[in-house]
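J.: One structure, pasted below without further comment.
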């Protein structure tokens, strides 16, 4: 990977981390909905794509602390934990995702992956 590309990736992670920090510091009115796509969740996705699953897991878990039961955060946490070698957390987040989506009327890839992860244990 060239220096320029590495620098751009580091800049992207830094920018997303700053956005996540600013979002966390912003007061939310009690009657307004939460963010459509939390910055920490987006940072977690970016870190997964950059093959940094342990850091990604931290961001997904931080998202879930503030926004419990978010589909993409649970799926991301399960995937990140699996990639980081934390089978217990991968199992726990997969089970949580399937429990929250027990009455889903569609078969999303993230749900299929969670089922595969639980069968593989």
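J.: If I model a spin label as a point 7 Å beyond the Cα along the Cα-Cβ vector, how far apart are those points for residue 4 and residue 92 in nm?
T.: Output for this residue pair reads 4.4 nm.
J.: Evaluated at 4 °C with a viscosity of 1.567 mPa s, what Stokes-Einstein diffusion coefficient in µm²/s does segment 49-89 have when Rh comes from the Kirkwood expression over alpha-carbon pairs?
T.: Reported coefficient: 131 µm²/s.
J.: So what is the 222 nm mean residue ellipticity for the chain from helices alone, if each DSSP H run of at least 4 adds -39500 (n - 2.57) and you divide by all residues, rounding to the nearest 500 deg cm²/dmol?
T.: -23500 deg cm²/dmol, from helical runs alone.
J.: Can I ask one more? Based on the alpha carbon coordinates of the chain, what radius of gyration and maximum Cα-Cα distance (Dmax) apply, in Å?
T.: 15.4, 48
Every number here is computed from the coordinates shown, using simple stated rules; none is lab data. Predicted model, so just to flag it, every value in this text is computed and none were measured. Cβ: placed from backbone, ideal geometry, glycine included. Neighbour counts: every protein chain shown.
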